[in-house]
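Here's the structure, in structure tokens; my notes come after.
The values are calculated or read from the model by the stated rules, or taken from the named source; none is laboratory data. This one's a predicted model, so the numbers in the text were calculated from it and none came from an experiment. Note: accessible area is taken over every heavy atom of the protein model, side chains too, but ligands, DNA and RNA are not part of it. Shrake-Rupley method; radii C 1.70, N 1.55, O 1.52, S 1.80 Å.
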Amino acid sequence: MEYLAENLIYGIECSMDKFTKTEEELAHYILQRPEEVSQLTISQIAKKLHISPATITRFCQKLAFSGFNEFRHELKRFVDLRNTPKNMKNIKQVDYFAKLYQDHLGIIDNTFHITTYDNIQKAVSFLTKANKIHVYGIGSSGIAAQEFKSKFFRIGLTVEAITDPHQSMMDAALSNETSVVIGISISGTTKEVISAVKIAKKQGACILVFTGDKNSELSKLGDLTLLVTSKNSMHMDKTSLHCFRSFCFLIYYIQSW
């Protein structure tokens with residue numbers, strides 16, 4: 001998970017133009033002293049920098065965190081990973097984790113083999129032209145939807161992640177020709193997601209689908225379908241989530257170039 005923590009630092013650096021002068025000073029302080037900041041309370045930081053706690057909270061929210069506590073948790077994880085001794089026993093040497101690692105790595109690798117750079121570029125084009133992006137997913141796909149929101153929000157895209165089936169249909173009814181709707185379902189048969197996507201399609205929204213079955217009903221609704229592989233095992237939900245995360249980061253990095 002180290003790439004997620006590193007991405008926090010990258011996200012701060014890429015968001016400098018969104019910050020006020022005071023928030024920018026806070027950002028530089030965090031980048032220069034991440035370990036110190038990870039140990040301080042919001043009140044201690046506010047006193048040290050002569051700023052208000054509300055300023056710190058707004059700074060964290062601009063980075064798509066709910067508040068300072070969530071931000072500090074991720075920052076501490078970055079610090080802990082950076083300080084991990086090099087000679088620590090590799091977790092991949094433990095049998096259970098070795099299998100888990102190989103399963104996840106194989107599925108992610110296979111996912112990239114069944115997609116194309118052109119399709120990724122098309123997805124980027126859809127997203128950058130949209131006035132608003134709506135992401136629908138239920139269960140573990142709902143977690144993936146939240147990942148989309150978190151990553152795209154940090155690069156300035158307007159994103160709404162909906163994981164409640166009733167709310168997704170109401171949200172879809174408000175979409176239009178300037179919207180991009182992303183439907184996520186490994187099986188491609190999740191009725192709630194399909195129903196919401198159908199409504200959005202009637203509204204004229206552009207439909208982007210993430211699924212493991214190119215012949216599924218959900219896939220056929222997409223203006224563009226990005227396929228992911230899955231594996232029938234006890235780790236199904238987690239591997240599915242990792243596939244979607246991989247696409248998140250791939251699109252995220254292309255968008256950031």
Review point. How much solvent-accessible surface does Ile9 expose, in Å² to the nearest 10, with a 1.4 Å probe and all protein chains in place?
Key: 30
**Study point:** Probe 1.4 Å, all protein chains present, accessible-area order of Cys206, Cys14, Cys60, largest first
**Key:** Cys14, Cys206, Cys60
Point to revise | Pairs from Lys129/Lys201; Lys122/Lys201; Lys132/Lys202; Lys151/Lys220 whose Cα-Cα separation, in the structure shown, is over 20 Å | key: Lys151/Lys220
Check your understanding: Along the three principal axes, how long is region 119-198 when you take its alpha carbons, biggest first, rounded to the nearest angstrom?
Key -> 29, 24, 22
Check your understanding: Under a 1.4 angstrom probe, counting protein chains only, how are His28, His50, His73 ranked by accessible area, largest first?
Key -> His50, His73, His28
Practice item. For region 124-170, with all protein chains present and a 1.4 Å probe, just round the carbon and sulfur fraction of the accessible area to a whole percent. Key: 54
